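Q: Here's a structure for you.
Just so it is clear, none of the values below were taken in a lab; they were calculated from the coordinates. Source: prediction; values computed, not measured. Note: ideal-geometry Cβ built from the backbone for every residue, glycine included; neighbour counts use all protein chains shown.
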Amino acid sequence: SSRNIEKVSLGSSGKVVSYTVINVPIEGFESMSPLIIALVDTGNGRVLTQLTNVKPDEVYVGMEVEATVRKSATTLDGYVPYIIKFKPKNSS
């Protein structure tokens, strides 16, 4: 229930604890393949997130990453949401 949710500030950087690479694209999202999903420890907690600006063979446990805002896929009604992903520290 929503009464058991605690709001915490995770911070904007951390280290990759674990990750997986999804090579089979989701229908309609073929341009996002391969998709890298990582568990990132920010020091204040862990977050399951998508990694960006990195190739699958460049990701490793312990990699330092930082949060970045990215535009997501436009919805059918024209809404353009922005989401938080993580990228390697000091990457563009």
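Q: Need one number: nm distance between label points at ARG46 and VAL24, each 7 Å from Cα along Cα→Cβ, rounded to one decimal.
A: 2.5 nm
Q: Under a straight-distance cross-link criterion of Cα-Cα below 15 Å, which aspartates and glutamates are reachable from LYS55, leaving out those fewer than 8 residues away in the same chain?
A: Partners found: GLU64.
Q: Right, here's the next one. Can you pull out the GluC sites (Glu not before Pro) in region 1-86 that DSSP calls coil and that have at most 12 other Cβ atoms within 10 Å?
A: Details: sites: GLU6, GLU27, GLU30, GLU58, GLU64, GLU66; in loops: GLU6, GLU27.
Answer in residue order: GLU6, GLU27.
Q: Give me the net charge for the shell around GLU64: Cβ to Cβ below 12 angstrom, other residues only, Lys and Arg +1, Asp and Glu -1.
A: +1
Q: From the phi angles alone, apply the Karplus equation (6.51, -1.76, 1.60; θ = phi - 60°) to region 81-86 and give each ³J(HN,Hα) in whole Hz, x where the residue is Gly or Pro.
A: These are the phi-based 3J(HN,Hα) values: x, 10, 10, 9, 10, 10 Hz.
Q: How much length is gained if the chain between THR74 and SER12 is pulled fully straight, taking 0.36 nm per residue apart and subtracting their Cα-Cα distance, in nm to one decimal? Display every interim value, and only then the final one.
A: Numbers: separation 62, 0.36 × 62 = 22.32 nm, distance 2.50 nm.
Between THR74 and SER12, full extension yields 19.8 nm more.
Q: Right, next: Reachable aspartates and glutamates from LYS71, Cα under 18 Å, same-chain residues fewer than 8 places away excluded?
A: In chain and number order, the partners are GLU30.
Q: Could you identify which residue out of GLY62, GLY78, GLY14 has the top mean-square fluctuation in a GNM of the chain using Cα springs shorter than 10 Å?
A: GLY78
Q: Another one. Could you let me know the centre-to-centre spacing of region 73-92 and region 1-44, using Cα atoms, in angstrom?
A: 13 Å
Q: Determine the gain in length on full extension of the stretch LYS89-GLU58; use 0.36 nm per residue of separation and subtract their C-alpha separation, reporting nm with one decimal.
A: Values: separation 31, 0.36 × 31 = 11.16 nm, distance 1.29 nm.
Contour length minus the Cα-Cα distance gives 9.9 nm.
Q: Would you indicate which of (i) 22, 20, 13; (ii) 32, 16, 14; (iii) 50, 12, 9 is the value of semi-axes √(5λ) of the Cα gyration tensor in Å derived from the coordinates of this structure?
A: (i)
Q: Specify the longest stretch of the chain that does not include any exposed loop site, a site being one of the chymotrypsin sites (Phe, Trp or Tyr not before Pro) with a non-H, G, I, E, B DSSP assignment and at most 15 other Cβ atoms within 10 Å. Please list the in-between numbers first.
A: Details: sites that count: PHE29, TYR60, TYR79.
After excluding every exposed loop site, the longest remaining stretch is 30-59.
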